[in-house]
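**Student:** Would you mind keeping the following structure in view while I ask a few things?
None of the figures in this text is laboratory data; all of them are computed from the coordinates on show. Note that the structure is a prediction, hence the values are computed from the model and not measured. Every residue, glycine as well, gets a Cβ built from its backbone with ideal geometry; the counts of neighbours run over all protein chains shown.
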Amino acid sequence: MSKHLSRRSFVAKSLAASAALTWPFRRLAFGAMKSPIPVGLELYSVREALKADLEGTVRGVAQMGYACVEFYSPYYDWTDAQTREMRKLLDDLKIHCYSTHNGAASFAAENIEKTRDRNQILGCKYVVLAWSDPKTNPDGWKALADQLNTAAEKLEPAGLRVGYHNHDAEWKAVEGKRPMDILAASTKPSIMLQLDVGTCLAAGADPVVWIRANPGRIHSIHCKDWSRDPAVGYKTLFGEGIADWKGIFQAAESVGGVEYYLVEQEGSRFSEMDTAKRCLDAFRTVHGGM
């Protein structure tokens, strides 16, 4: 398997129908659970280690105790053989890849079949659009919603669902409307609204309010913290920023429909792998103490 994969720039009719497609994770009342929901790592968090040693890094992440991983856009350039080899590694390690992060090209008509095939091999459920250039008017965001709906129509027959991952621009009003509200209202209920907590906070939005306003659609969350200190920002470790993680977890597990969490880190004062381990330990402490 190639160990030098460079990162590309990235970057249902009703909720009942959407729920029919829900991943079979164990669901309990919030107060009764002790983290039965898988906790994974968005592998952009260890991007330099991944470039140097793809297989070794995935092994190291599994050994830390992460239950799943989310590959980002370089996975798309793997050969079929490389993709199958990675699936075998995941199976051997007893971890999962429930979703991938993708650039817009992966959703283009000429590429959608390749996207489908790659994600099926990896055993994914969600194919997430990880980034979209900010639009200057509501119509631009509605057009993006149409693109997501079209992709969903092509992928859902294969058992794959589409997701959208926010950055800070989606929370900043355009002609009086927040893009995230436009996307939520204009996409099929089956389309996951993958919440990035850090960018939501940085834009001044409230992740708990957002989750409760969109029940059953927050199937995964990027657990990235944020500090008001401009010298730190997204480089703050999980639990050291301003995020109300207990409130977020409670909303996600009581109404949001969360199926798995993903730690994401954009760097810190520690090495990538050390950062990933520290964040997992902190996650377990915060969530387990609820």
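**Student:** Once phi is turned into θ = phi - 60°, what whole-Hz ³J(HN,Hα) does the Karplus curve with 6.51, -1.76 and 1.60 give for every residue of region 132-140, x standing for Gly and Pro?
**Tutor:** 9, 4, x, 9, 8, 8, x, 4, x
**Student:** With θ set to phi - 60°, apply the Karplus curve 6.51 cos²θ - 1.76 cosθ + 1.60 along region 94-105 and write out the HN-Hα couplings as whole Hz, x wherever there is a Gly or Pro.
**Tutor:** Calculated HN-Hα couplings, in order: 6, 10, 10, 10, 7, 7, 10, 9, 9, x, 4, 4 Hz.
**Student:** Mind checking region 189-290 for GluC sites (Glu not before Pro) that DSSP puts in a loop (not H, G, I, E or B) and that have at most 12 other Cβ atoms within 10 Å? Can you show the working numbers first?
**Tutor:** Values: sites: 240, 253, 259, 264, 266, 272; in loops: 240, 259, 264, 266.
Answer by residue number: there is no such site.
**Student:** Amide H of residue 196: which non-local residues (sequence gap of 5 or more, or other chain) have their own amide H closer than 5 Å, using H built in the peptide plane?
**Tutor:** Those lying under 5 Å, H to H, from residue 196 are 166, 222.
**Student:** Still on this model: Kindly identify region 154-220 as rounded, prolate or oblate by the Cα gyration tensor criterion: order the square roots of the eigenvalues as a ≥ b ≥ c, call it rounded if a/c is under 1.5, otherwise compare a/b with b/c, prolate if a/b is larger, else oblate. Working shown, then result.
**Tutor:** On the way: a/c = 2.08, a/b = 1.71, b/c = 1.22.
Prolate.
**Student:** A further question follows. Figure the gain on full extension for residue 172 and residue 281 (residue separation times 0.36 nm, minus the Cα-Cα span) and round it to one decimal in nm. Each step should come with its number before you reach the end.
**Tutor:** Working: separation 109, 0.36 × 109 = 39.24 nm, distance 3.28 nm.
Gain on stretching residue 172 to residue 281: 36.0 nm.
**Student:** Could you give the length gained by full extension between residue 53 and residue 269, i.e. 0.36 nm per residue of separation minus their alpha carbon distance, to one decimal place?
**Tutor:** Working: separation 216, 0.36 × 216 = 77.76 nm, distance 2.17 nm.
Stretched out fully, the residue 53 to residue 269 stretch lengthens by 75.6 nm.
**Student:** Ok, one more. Restricting attention to region 128-201, which GluC sites (Glu not before Pro) occupy a DSSP loop and are surrounded by at most 13 other Cβ atoms within 10 Å?
**Tutor:** Details: sites: 153, 170, 175; in loops: 175.
The qualifying sites are 175.
**Student:** Something else: Name the long-range amide H neighbours of residue 41: under 5 Å, sequence gap of 5 or more, or other chain; modelled H, no Pro or chain starts.
**Tutor:** 68, 69, 70, 263
**Student:** For residue 64 and residue 110, calculate 0.36 nm times their separation in residues minus their Cα-Cα distance, and state this gained length in nm to one decimal.
**Tutor:** Values: separation 46, 0.36 × 46 = 16.56 nm, distance 3.83 nm.
Between residue 64 and residue 110, full extension yields 12.7 nm more.
**Student:** Now for a different question. Region 215-250: which trypsin sites (Lys or Arg not before Pro) are DSSP loop and have at most 15 other beta-carbon atoms within 10 angstrom?
**Tutor:** Answer in residue order: 228.
**Student:** Among (1) 25, 24, 20; (2) 40, 24, 23; (3) 44, 25, 15, find the value of semi-axes √(5λ) of the Cα gyration tensor in Å that was calculated from the structure presented, and write down its label.
**Tutor:** Recomputing semi-axes √(5λ) of the Cα gyration tensor in Å here picks out (1).
**Student:** Between region 186-233 and region 93-134, how many Å separate their Cα centres?
**Tutor:** When both Cα centres are located, 20 Å separates them.
**Student:** Check cross-link reach from residue 154 to the aspartates and glutamates: straight Cα distance under 15 Å, and skip same-chain residues fewer than eight apart.
**Tutor:** Cross-link targets: 110, 113, 117, 146.
**Student:** Applying 1/(1 + (r/R0)^6) with R0 = 35 Å to the Cβ-Cβ distance of residue 88 and residue 244, what FRET efficiency is obtained, to the nearest 0.05? Present the calculation step by step, with values, prior to reporting the outcome.
**Tutor:** Working: r = 40 Å, r/R0 = 1.14.
Step by step, r from the Cβ atoms, then E = 0.30.
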